[in-house]
Amino acid sequence: MRFRFLAMAACTIALLTGCMANSVTPQGQKVVIVQSLPTQYQCTYKGEVAGSQGNWLTGSWTSNSNLALGARNDLRNEAAELGANVVVITETINATDEDNSLENITHVGRAYLCR
């Protein structure tokens with residue numbers, strides 16, 4: 001009985017956690033997402049990054065705004081790990097289920113260190 005309760009509690013926590021947006025790290029908070037590279041700064045390319053939120057299990061339980069925010073936060077965290085402070089998004093992929101409900105958002109971008 002106790003094992004069943006613990007298993008149900010763990011599943012509930014996992015589902016509820018899947019509904020929240022990925023959090024941004026303190027380093028990721030310093031990363032700016034832009035539509036085009038700022039020309040007034042000297043920027044060095046650091047690499048390609050991808051950030052996503054959602055999957056086949058939690059995507060339909062997560063709001064579209066949390067899917068979008070979580071994917072952007074994940075992208076910013078990935079860029080920060082490369083030492084970048086600017087990301088230019090080059091592609092956004094929205095995955096839907098058979099009912100056309102949004103399940104996953106993935107952003108792909110180019111990360112730069114700009115001074």
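FYI, it's all coordinate maths here, none of it is from the lab. Because the structure is predicted, anything quoted here is derived from the model rather than measured. Cβ atoms come from the backbone with ideal geometry, glycine included; neighbour counts cover every protein chain shown.
A few remarks follow.
- Estimated distance in nm for a label pair at Q27 and A50, the labels positioned 7 Å out from Cα along Cα-to-Cβ: 2.1
- Between S65 and V108, the distance separating the two model label sites (each 7 Å from Cα on the Cα→Cβ line) works out to 2.9 nm.
- Residues whose placed amide H lies under 5 Å from that of K46, excluding near-sequence neighbours: A111, Y112, L113
- Potential lengthening between T90 and Q42 on full extension [0.36 nm per residue; Cα-Cα distance subtracted]: 15.3 nm
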